[in-house]
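First comes the structure, then the notes that go with it.
The values are calculated or read from the model by the stated rules, or taken from the named source; none is laboratory data. The shown structure was predicted, so the numbers you read here are calculated from the model rather than taken from an experiment. Methodologically, a virtual Cβ is constructed for each residue, glycine included, from the backbone with ideal geometry; neighbour enumeration extends over all protein chains shown.
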């Protein structure tokens, strides 16, 4: 690894690390999602500073160039991030489902006790075509 | 109060829903009718309320499975003992409601599903649709070890035990048909098919168009496979 590559990689990793901490500090990013970012940027910094470790890791996975190892690491990080998001989105969909159902039931009770006729919701924004599955 | 409720999931059905409810009430005047309006952009809710149904409203379009589950939760909370589920587009002939309910009320089965293929003059769906149904028929029949001729039928009747079971997170709300039957079978519920008359969809609207059927089949197959891989403990009641 040339000195240029090293400086550039460290610079990027340090910026990502500081940015992540700053976002958490400002409450714009939850701690839950910051961990993966912090872990990846820390690992990058360590591997660049301890170049022998990076070489050992490169030999271990059978790669030729140490930069390949770093790239593989970043791709792995992106995959993990996507999986984390997919899991979270699935959970959020479940929660939205429960809320919509609960709201429908509560709204019925409310309208019944208020003695009003069925209050009809205002027309909704047309959902995207892929949701019109009925 | 009757111990039975008829639930109709509805999405943009303002033209037909009133007639469907009136037809149901003609043959079953004592049974309460519940329409779950799944965030329709037309006046489905008004039309259903005007025809005398109880109406529940979703804030936005959530899909068929979520809509029927809202109905199950309502029925369970209100203490109903039996549910009949029927489509809001007039495809299902309401005069078969009592035939569907009978084995469930007698306690012979927990879940009765209407089959268009067992009734002699039901309409025959298009070739591609039949092919899809045939695929799921074979799949479900192999998995549960008993012939089910119309596993994608939405015309059903079931008791409070099934209602309770389906009100939990186990309910496959993405595409609850073939998968639902397998889930029920795993949980040890008794299922029976009842011959019913179904008509062609008068509005011509269908969820199965374009590339969707293929996506539907792949997703359903995946869903069935993971259902089988799931821990059996989940299905304990």
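Below, the figures for the structure above:
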item: Residue selected from region B:35-53 under the condition facing chain A (nearest Cβ under 7 Å) and out of contact with any helix residue (DSSP H, G or I) (no Cβ under 6 Å at 6 or more places or on another chain), by the criterion nearest to residue B:103 (Cα to Cα); result: B:49
item: Selection status of residue B:51, modelled with pLDDT under 95, surrounded by fewer than 20 Cβ atoms within 10 Å (Cβ to Cβ) and over 10 Å from residue B:7 (Cα atoms); result: yes
item: Extreme residue, surrounded by the most Cβ atoms within 10 Å (Cβ to Cβ), among residues of region B:9-32 that are outside any loop (DSSP other than H, G, I, E, B) and in contact with a helix residue (DSSP H, G or I) (Cβ under 7 Å, 6 or more places away or on another chain); result: B:17
item: Qualifying positions in region A:62-74 - in contact with a helix residue (DSSP H, G or I) (Cβ under 9 Å, 6 or more places away or on another chain) and over 20 Å from residue A:36 (Cβ atoms); result: A:63, A:64, A:65, A:66, A:67, A:68
item: Strands (runs of 3 or more DSSP E) wholly inside region B:54-115 that include at least 2 residues being within 20 Å of residue B:184 (Cβ to Cβ), away from chain A (no Cβ under 14 Å) and at pLDDT below 95; result: B:111-115
item: Only listed residue being part of a helix (DSSP H, G or I) and either out of contact with any helix residue (DSSP H, G or I) (no Cβ under 8 Å at 6 or more places or on another chain) or farther than 30 Å from residue B:173 by Cα (or both), chosen from A:35, A:29, A:80; result: A:35
item: Sole exception among (1) in contact with a strand residue (DSSP E or B) (Cβ under 8 Å, 6 or more places away or on another chain); (2) surrounded by fewer than 23 Cβ atoms within 10 Å (Cβ to Cβ); (3) within 24 Å of residue A:98 (Cβ to Cβ) for residue B:57, by number; result: (2)
